[in-house]
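Report on one structure; see the data block that follows.
FYI, it's all coordinate maths here, none of it is from the lab. The structure presented is a predicted model; accordingly, all values stated were derived computationally and were not measured. Positions of Cβ are generated from backbone atoms using ideal geometry, with glycine treated the same way; all protein chains shown enter the neighbour counts.
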Amino acid sequence: MNTFFDVIIVGGGLGGLATGIQLAMNGLQVAVFEKKKYPFHKVCGEYLSLEAYDFLCSLGVTLSAGRFPRIQRLRLTAPSGFAIESPLPLGAIGVSRYYLDAELAQIARRAGVYLMEGKRVLQIEQQAQKVVVHTACGRWQSTVAVLAHGKYPPAGAERKRSEGKAQYVGIKYHIPAGAVLPHTIELHTFKGGYLGSSHVEDGKACLCYLVTQRRLKSNSLAALESAIMKENPQIEKLLSAKGPGKATTISQITLGRRTLWQNRLFAVGDSAGVIAPLCGNGMSMALHASLLLAQALNGFFRGEHSLTEAGLRYEKEWQKLFALRMRAGSLLQPLLSLPVLTEIAIRSIGKSRLLPALIRKTHGRAIPAFVPSTQTP
């Protein structure tokens, strides 16, 4: 079995799989290591801006309008329940990560990606001319490694987090679609967090909320949710609809940008930076970043520029597209710790009719469709 690849990708989420598919379609030898087995649930708002639609279709993903609901409006509420609404200029699709990640995994296999499911990467070791990836079942080597592990890095991949020290917990359920307004993403604020809901496929809706880890430490999950239901009247009907289903959770979330590349290691998706959910669109950001990274690495393997130049190009384009969104998130997120400020801010946005402008700032242009290179590396 081959144990040396051009690129090893650590993590099989949206960013990792999309990067692997593009590199493999361009003729590179790619391996992806994912600690879980598809399909599986992930904590995510499951709101996919239509800016990513053409790109995903170009990779081979099927997102038929009959199955995947279209989202056309945003409804934002203050802790009192006061609501403001706005159309979404581009619109979005409701699609679960349970479906989308598994679909991309199948496409990756067909593209020639060596996909290792149920294999946790224990350590990453950078050497002068290669990267060595250690797992419980052996060692693999590559010229370059892509970190797409999300929020929890393996040993050897820890990188300084440049923004924010507050930690959050993310919690997600799927609830009956009837509990949520059709064609609408709802964002409801409460002390220290927010709750979002919108339709996904197969008659379900995603209910996902983010809260400071400090609040969960002093409460059980049931007690926390009971308290949240009292902090915004719009939330009670949503949490009441979740039934006995088990929550999908993730803890120790730190918002902000991380190191994008260092020597032979490159980061994509949440490994590159975690945006505040109120600025949204993390799924589209991960996919767009995968295109930027694949282009930079493809140029390196074709001898068009050095590895350092690939890193510089990737960082420049990433900053151009996402730096403003990340800064906006770092300014907006602290407001949630003070319900009075949140109330004032949302009422002010409603009176000034600034909501459409804020939506445009947190959404980007359409991601270009991927076109495989015809040149042999």
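Of all the C-alpha pairs in segment 234-306, what % are more than 16 Å from each other? Result for the distance tail: 65 percent. Compute the long axis of helix 307-332 from its Cα atoms, compare it with the longest principal axis of the Cα atoms of the chain, and write down the angle in degrees, 0 to 90, nearest 10. Roughly 10 degrees, rounded to the nearest 10.
How many angstrom lie between the Cα centre of segment 4-30 and the Cα centre of segment 127-142? Comparing the Cα centres of segment 4-30 and segment 127-142, I get a distance of 15 Å. Each of LEU335, GLN22, GLY245 was placed along the dipole of the chain (beta-carbon charges, centred on the mean Cα), and the one lying farthest toward the positive end is LEU335. With the convex hull constructed from alpha-carbon coordinates only, segment 222-359 shows a mean projected area of 11.1 nm² over all directions. Mean sequence separation of contacting Cα pairs (under 8 Å, at least six apart), scaled by the length of segment 13-125, corresponds to a relative contact order of 45 percent. Rounded to the nearest 20 debye, the dipole size of segment 321-363 about its Cα centre is 200 debye, using +1 on the Cβ of Lys and Arg and -1 on the Cβ of Asp and Glu.
Of VAL133, SER348, ILE175, whose Cα points farthest to the positive end of the dipole of the chain (charges on the beta-carbon: +1 Lys, Arg; -1 Asp, Glu; origin at the Cα centre)? Sorting the options by dipole projection puts first SER348.
Using the Kirkwood formula over every pair of different C-alpha atoms, what hydrodynamic radius in Å results for segment 176-228? The Cα-based Kirkwood calculation yields 12.1 Å.
Which of LYS172/LYS246; LYS191/LYS217; LYS42/LYS217; LYS172/LYS237; LYS204/LYS242 have a Cα-Cα distance over 19 Å? Cα-Cα > 19 Å for LYS42/LYS217; rest within. Principal axis analysis of the Cα atoms in segment 185-286 yields extents of 49, 36, 23 Å, listed in decreasing size.
Ordering of 291-301, 229-239, 120-130 by packing is 291-301, 229-239, 120-130, highest average first (other Cβ atoms within 10 Å, averaged per residue). In segment 80-232, inverting the average of 1/r over every pair of distinct C-alpha atoms gives 19.4 Å as the Kirkwood radius.
P(r) tail, the chain: Cα-Cα pairs separated by more than 27 Å, 47% of all pairs.
With Cα atoms defining each centre, segment 42-58 and segment 290-362 are spaced 16 Å apart in the structure. For segment 193-290, a crude dipole built from +1 on the beta carbon of Lys and Arg and -1 on the beta carbon of Asp and Glu, taken about the Cα centre, is about 340 debye to the nearest 20. Between helix 339-352 and the chain, what is the angle of the helix's C-alpha long axis to the longest principal axis, kept within 0 to 90° and rounded to the nearest 10? The answer is roughly 90 degrees. Only the Cβ atoms of Lys and Arg (+1) and of Asp and Glu (-1) were treated as charged; on that basis the dipole of the chain about its Cα centre amounts to roughly 700 debye. Using the empirical formula 2.2 N^0.38 Å as the baseline, the Cα radius of gyration of segment 46-109 reaches a ratio of 1.37. Between LEU59, GLY91, LEU224, the Cα set farthest toward the positive side of the dipole of the chain (charges on each charged residue's Cβ, about the Cα centre) is that of LEU224.
Projecting label points 7 angstrom from Cα along Cα→Cβ for ARG365 and SER240 puts them 4.7 nm apart.
With contacts taken as Cα pairs under 8 Å and at least 6 residues apart, the chain reaches a relative contact order of 24 percent. Using the rule -39500 (n - 2.57) for each DSSP H run of four or more residues, divided by the residues of the chain, the 222 nm mean residue ellipticity is -10000 deg cm²/dmol.
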